[in-house]
Amino acid sequence: MSQSPSSRFQTSLKTLLRTREAGVFLALVLLVIIMGFLSPYFLLSENIFNVLRSMATIAIMAIGMTMVIVTGGIDLSVGSVLAASAMLTARLIFYTELNPWLAVVVGIGFGMFLGLINGFLITRVKIAPFIATLGMLSIARGLTYMIASGLQGTVASNIPMRDPAVNFLGAGYIGPVPFPVILMVILVVIFSLFLKFTVLGRQIYAVGSNELAARLSGVNLTRVKLFVYSLTGALAGFAGILNAGLLSTSATNAGLGNELDVIAAVAIGGASLAGGEGTIYGAVIGAAIMAVLRNAFVLLKLPVYMQTIAIGVVIILAVASDQLQRRGSNRH
Amino acid sequence: MSEQAQPILTVRGISKRFGGVQALKDIHFDVLPGEVHALVGENGAGKSTLMNILGGIVPRDSGEVVFMGREVRFNAPQEAIDAGIAIIHQELAMLPTLSIIDNVFMGRMPARLGWISWGELEKLTQKALARVGLHQVNPYTRVRDLSASQRQLVEIAKALSLNARLLIMDEPNSSLSESETQTLFRVIHELQQDGVSIIFVSHKIEEVLQISQRISVLRDGCNTGTLSQSEATVEKIIQMMVGRELVRDHRRGQQNSGEVLLQVSALSGQGFRDVSFEVRKGEILGFSGLVGAGRSELARAVFGADPVFGGEIRWQGRPVRWNSPADAIRAGVAMVQEDRKVQSLFMKLPILFNMTLATLPAYTRRGWIDYQKAREVSQFLVQKLSIKLGSLDHPVSSLSGGNQQKTILARWLAANPKLLILDEPTHGVDVGAKAEIYQLIRRLAEDGVAIWLISSELPEILTMSDRVAVMCEGRLAAVLERDQADEEKIMAYATGTVSQPAAALL
């Protein structure tokens, strides 16, 4: 017995509305409406694009982090990898005759390489992802200082980004739209489709849902994990170059603590840290909620500590409401 | 059995050693096209190892496997699947957070230029589901929202969609009720007609006899013989499995005169409604019913693990309300949960820890644990229950299923309970350990402990119980005295085809 197309559409609409992403999205819409009333500036397109630009690097890293968390892992090193990749690119542009675009590729490749090392430690040496990437958090930050200072050992805290064309990635506009926002949207769409419509994408979910079952179904666990950690490293490197381009400088303390924002975005967006569940658009909504909150506190001239507290409350609320909802749905 | 048919699978002289343990020794057997060939044996007899070798999960040390006319050696699960051998693992081999489609096609999603067509997959999945009688199920349903039997059928649908010529089913009906098992058997018969061969691994000998054309018995890694359906009997198989004759269980004398220990009146909760009954000292009260009838839910609510919506519980005559298991344990109730791996055992922690967890306060002196004493008590219980273990300090995961179950029993016996609730105490336990657990339960009852025995196995309920309570869809359908209870009557109440007048329940 097959359902009629319209009833199938209804049931799939219903299941869509019941997802965590839908709940978080509603929360975001509510937040935007409330802010629209509270501040006359909030809904100005300039402000909205500012908010979007401020979340772009977090959202781009959240793409990779979602995949890592869906496999049941975690990557604490993204903030440091962001800085190391950007520093390498800045240094190559500043001190060498290398084509600036090649320098960008090398920077992203370096991030990918650091991610690959994470994956290697996790799959081959069998170190827990938390520990392996905690180590990388420290190593990559150290490498950032090393690259900034050069082999001569002069202490530098940043290197200017000298190529305007490269900086356009992070600082440019197309019409009123900041270029990094466009890049964010493109990457989010591509990787959302990738997760849903490619074999490797489905295998990422399988690994986190039940590793043993995935292996027995013929999924190559090592390959899947190496992929997600490398991709996350590459995306962190890319985010680093956008970030440095925006500021026209690559700083040694860039991305400090970003890993926690990225993980928070993914968690708010509905991913389970136990693995097997989570979506990229959920994580993007999570990043958006945090960005809107930050913006709101600035516009309303509220103290910064309240903003920090509010973001913590949102993280806990999002996960708690999900728990409560789950308990409710187990009742019937 | 036709002599001229060429076996689809021939196993010659397979041996396998894990460290110091000889898991398999010179195994010979074969499977004919369209045959159901059962593989029985106690836990640790080597069934899983043999399956894993055939499925490419572990390599063999020596011997030869011929499948569909050619010698094969699989180095990865995928190679076996490609060749046409599919293993249906117990439930653990599923992806709970993903849809049926993902589960059916994981590892081999058809993709064009790397892209999956969900519409096509949906159709293929529906076709596969229809073959196992799951026409009504939406292929996008998450597997964790399915019932145990539906999951089992999805696993079979998956194997079928692989075009497997040989299905290996590992304890496929261990968590299925009687009627669900019959559905499974119907599907198996249909597959046989299509020429699919099946290796059926099970503990339930009665059902093995019902479904298989031949039965091979493993003991300590050796094949102790292959019987045809006509020559096999339960006694013969058990003898080949354990190498000795087990005395078949006999019912014990009527024990209905003890004082009432627990009285439940009009109790309602999640999954059950308006249930009234009593348990007396020294009696074994069996709880029968289909899977999902509310038996475990009722027991968990009484034990304080789940909330009670209405009704009354009296313990030794006084009304009580236990809000947590800790309250019930303090009063003298113990409960052995259904799924030992999830609800009871700490698999990575030592046996000693697992055994003493519920009674730790008894081994403390001024707040500090006296390990010497805990060890002595545990050692005593190990002997009393004849648990086979290397050391109390080994993780409980090192034990066989039967010995794990005994470890949980030991945990609760250490607490000297007045009422012992057992939820499927012999689930996944081999026959030898089963007989020992039965004996232990009887001995406890003779010592005055009240036993509340939940079981989906009718023979177990019938041989063990003084009275049999039957639940159907959350209600207590009947409480039968032992001499009135038989399989037909219990099944009639359990399936709701008859109902007992409420007055007769009291």
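Computed quantities for the displayed model
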item	result
With Cα atoms, 0 to 90° folded angle of helix B:401-413 axis to chain B main axis	10
Ranked A:Lys126, B:Lys281, B:Lys158, criterion: other C-beta atoms within 10 Å, fewest first	A:Lys126, B:Lys281, B:Lys158
Contour excess over end-to-end distance, with Cα ends at A:Val29 and A:Ile190 and 0.36 nm allotted per residue	55.5 nm
Expected 222 nm ellipticity per residue - DSSP helices of 4 or more, -39500 (n - 2.57), all of chain B, to 500	-9500 deg cm²/dmol
Theoretical FRET efficiency, 1/(1+(r/R0)^6), r = Cβ-Cβ of B:Lys373 and B:Glu190, R0 60 Å, to 0.05	0.50
Over 23 Å between alpha carbons, listed pairs B:Lys25/B:Lys47; B:Lys47/B:Lys434; B:Lys418/B:Lys489	B:Lys418/B:Lys489
Chain lengthening between A:Tyr145 and A:Val177 when straightened (0.36 nm per residue, less Cα-Cα)	8.2 nm
Order of A:Asp75, B:Asp393 - criterion: other Cβ atoms within 10 Å of each residue's Cβ, fewest first	B:Asp393, A:Asp75
Spatially proximal lysines relative to B:Lys123 (Cα-Cα < 23 Å; intrachain offsets below 8 disregarded)	A:Lys14, A:Lys196, B:Lys158
For B:Cys222, B:Cys472, order by how many other beta-carbon atoms lie within 10 Å, fewest first	B:Cys222, B:Cys472
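We did not get these values from a lab; they are worked out from the coordinates using the rules stated. Everything quoted here is computed from the prediction, not taken from an experiment. Ideal geometry is used to build each Cβ from the backbone, glycine not excepted, and the neighbour counts take in all protein chains shown.
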